[in-house]
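The values are calculated or read from the model by the stated rules, or taken from the named source; none is laboratory data. These figures come from a predicted structure and were not determined experimentally. Please note: Cβ atoms are built from the backbone with ideal geometry, for glycine as well, and neighbour counts cover all protein chains shown.
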Amino acid sequence: MTDLPLTTLTRVRRGAHHQRTDRAALYDVIDTALYATLAIVRDGRPVALPVGIGRDGDDLLVHGSTGSDFFRRIAAGAPVSLTITHLMGLKYARSLFDSSMRYRCAVVHAVASVVPPEEKEAALLTLSEHLMPGRSEDVRPMTAREIAATMVLRIPLAQASVKDNAGSLVEVDDDGEDRSVWAGMLPLRVVAGDPVTSPQTMAGTPVPESVRRAARRVEASGTA
């Protein structure tokens, strides 16, 4: 597994000591996230949208409607920037200037390609397994019409940066600050609530294991 290359797009300039260049760190940020923010420049203005994600080896998969102007422009070659952030806590320092956040994040720069029709169903199942593992076994198969109405884009992870300051300190010794002012961390995490059954679901239908599996996944990672 090769390290992530440092380029003018991927080199972290502020807090550079928090940059990670190992692909395992990138994959961990992706695999423990449920969504990302995908951005392009459209008609001279930046546009960013939240998208579901799934990783297929060294590529990231995203999907949207074939009628979406946003996705059509990406399919036509518009460069993309994709961001994933896991906010892990708020750092309360003894001054506002030194207060901050603890987080892990990844930024990907790429030109996406369209997944061809013969590979689209498998790609959609990869996306489904990332978001709702095992759900495809509970429901009917996708129809040809549904597959045709969906565009799947493949985003290579060739140019990406990872920043991880989860272990950063709240304070340092002999910084001259007043120790009578409280300082510390407020940890933050994503939690899964109890499943809520649709009112139109037949009475007595049990919550499937796939839903509970997704809840356990969120609880284990604490991030989304």
(1) assigned to a strand (DSSP E or B); (2) surrounded by 14 or more Cβ atoms within 10 Å (Cβ to Cβ) all hold for Ala78 apart from (1)
Answer yes or no as to whether Arg154 is farther than 23 Å from His17 by Cβ, of a type in the set (Lys, Arg) and not in a strand (DSSP E or B). no
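Restricting to region 1-52, and then to whatever is of a type in the set (S, T, N, Q) and in contact with a helix residue (DSSP H, G or I) (Cβ under 9 Å, 6 or more places away or on another chain), can you tell me which residue is surrounded by the most Cβ atoms within 10 Å (Cβ to Cβ)? Quick ask: steps written out before the conclusion?
Just the residues of region 1-52 that are of a type in the set (S, T, N, Q), to begin with: 2, 7-8, 10, 19, 21, 32, 37.
Add one more test, that the residue is in contact with a helix residue (DSSP H, G or I) (Cβ under 9 Å, 6 or more places away or on another chain), and what stays is 2, 32.
Values: Thr2: 9, Thr32: 17.
Only one residue fits best here, namely Thr32.
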Tally time: how many residues in region 142-175 are in contact with a Phe, Trp or Tyr (Cβ under 8 Å, 6 or more places away or on another chain) and surrounded by fewer than 14 Cβ atoms within 10 Å (Cβ to Cβ)? 1
Hey, Ile147 hits all of (1) farther than 16 Å from Asp56 by Cα; (2) of a type in the set (Val, Ile, Thr); (3) within 20 Å of the chain's Cα centre (by Cα); (4) part of a helix (DSSP H, G or I) but one; which does it fall short on? (3)
Is region 27-37 home to any residue that is among the charged types (D, E, K, R) and over 21 Å from Tyr103 (Cβ atoms)? no
In region 81-104, residues that are within 18 Å of Tyr27 (Cα to Cα) and surrounded by 18 or more Cβ atoms within 10 Å (Cβ to Cβ) total 6
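For the structure I just gave you, tell me whether Ser168 is in contact (Cβ under 8 Å) with a residue 24 or more places away in the chain, under 27 Å from Val107 (Cα atoms) and either outside any loop (DSSP other than H, G, I, E, B) or β-branched (Val, Ile, Thr) (or both). Talk me through it step by step, then tell me what you get.
Numbers: in contact (Cβ under 8 Å) with a residue 24 or more places away in the chain: yes; under 27 Å from Val107 (Cα atoms): yes; either outside any loop (DSSP other than H, G, I, E, B) or β-branched (Val, Ile, Thr) (or both): no.
The answer is no for Ser168.
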Residue satisfying condition, being closer than 24 Å to Leu9 by Cβ, of a type outside the set (D, E, K, R) and either surrounded by fewer than 17 Cβ atoms within 10 Å (Cβ to Cβ) or at pLDDT below 95 (or both), within set Val111, Val139: Val111
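Residue by residue through region 211-224, note down the ones that are of a type in the set (A, V, I, L, M) and either over 24 Å from the mean Cα position of the chain (by Cα) or surrounded by 13 or more Cβ atoms within 10 Å (Cβ to Cβ) (or both).
Of region 211-224, the ones of a type in the set (A, V, I, L, M) are 211, 214-215, 218, 220, 224.
Passing the criteria: Val211, Ala214, Ala215, Val218, Ala224.
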Tally of residues being in contact (Cβ under 8 Å) with a residue 60 or more places away in the chain and either surrounded by 10 or more Cβ atoms within 10 Å (Cβ to Cβ) or not in a loop (DSSP other than H, G, I, E, B) (or both) across region 176-210: 12
Kindly provide the set of residues from region 94-134 that are part of a loop (DSSP other than H, G, I, E, B) and without any contact (Cβ under 8 Å) to a residue 12 or more places away in the chain, ordered by number. Leu96, Phe97, Ser99, Pro116
